[in-house]
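One structure is given below, encoded as structure tokens.
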Amino acid sequence: MFAEERHQRILDALTRHGRVEVAALARDLGVSEDTVRRDLKALTEKGFLQKTHGGAVLLATAQIRFPARTAIRPAAKAGLGAAAAALVEAHQTIFIDAGTTTLELARALEVTPLCVVTNSLDVATVLADRPGIDLVLSGGLWCAPERYFAGPTAVALIASHRADMAFLGACAVHAKLGVTATHASDAQVKAAMIAHSASAVLVTDDSKFGQIAPYSVAALSDFDRLITDSAPDWLLDERPYVQLVPA
């Protein structure tokens, strides 16, 4: 088994359980404990996890920089992105939020013509050369760690448009507190997208449920659809608009 494959399986285990043990990983992967320790050291240096005695714990999402987050559960995110892209119809205007799952939505878009408004440099890069797509990049204050534009300029640009649909990712989703964000600037952009679209779609994997971030974005009732790979009972019971896309 190649190192990259082992790293992905370790990250998958960390995402599911929050922590891993060297002995168990060595047994599951069919390698020595020394090999697992080297793998954990490499993943620590990349900013994914924190080593502990005999194992490791996954860092909170807010502590992992954007480029590293793209390697966490890529297959699940690709499936969610494809499901979201399937909702888009030709001749629509859509907002696409910055995030690793919404980036997969951009990659999966096939319908044209289309107008896409985004604050994400990575989304813009994916769509820049696509024929039939009118691309609007918000500009504004550049947030290098998260690779998005924010601030008054970005919010004003979004507010000057009217979209058929807004596709948003989430830092955290809570039964009582709704959708929250790690950074105030991110929360402001997300809220502007919701306010100026006819329909809002939340696209997130199940690791965000039950979490709370400092800045309020919106209540769950502000979304018309939620696309995820798995959902807690409180969400399935109260929100019939949930669309499950098993990983």
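The values are calculated or read from the model by the stated rules, or taken from the named source; none is laboratory data. In this text, all values refer to a predicted model and were calculated from it rather than measured experimentally. FYI the Cβ positions are ideal-geometry reconstructions off the backbone, even for glycines, and counts take in every protein chain you see.
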Checklist entry - Can you find even one residue in segment 59-81 that is in contact with a Leu (Cβ under 6 Å, 6 or more places away or on another chain) and at pLDDT 90 or above? => result yes
### Query
Going by the conditions given, is Ile227 surrounded by fewer than 22 Cβ atoms within 10 Å (Cβ to Cβ) and either touching a helix residue (DSSP H, G or I) at 6+ places or on another chain (Cβ under 8 Å) or of a type in the set (A, V, I, L, M, F, W, C) (or both)?
no
Checked pairs for segment 212-227, first farther than 20 Å from Val242 by Cα, second surrounded by fewer than 14 Cβ atoms within 10 Å (Cβ to Cβ), C-beta under 8 Å and 6 or more apart or across chains, list as Pro214/Ala184; Tyr215/Ala184
Quick check, is Ala124 under 22 Å from Phe223 (Cα atoms), assigned by TED's automatic domain parsing to the domain that holds Pro232 and not in a strand (DSSP E or B)?
no
Looking across segment 164-215 at residues that are charged (D, E, K, R) and not in a strand (DSSP E or B), the single one that is surrounded by the most Cβ atoms within 10 Å (Cβ to Cβ) is Lys190
Scanning segment 153-176 for residues that are more than 17 Å from Thr228 (Cβ to Cβ), modelled with pLDDT of 95 or more and either among the small types (Gly, Ala, Ser) or out of contact with any Phe, Trp or Tyr (no Cβ under 8 Å at 6 or more places or on another chain) (or both) gives Thr153, Ala154, Val155, Ala156, Leu157, Ala159, Ser160, Arg162, Ala163, Asp164
Could you check, for segment 6-22, whether at least one of its residues is under 25 Å from Phe209 (Cβ atoms), over 25 Å from the mean Cα position of the chain (by Cα) and either assigned to a helix (DSSP H, G or I) or among the small types (Gly, Ala, Ser) (or both)?
no
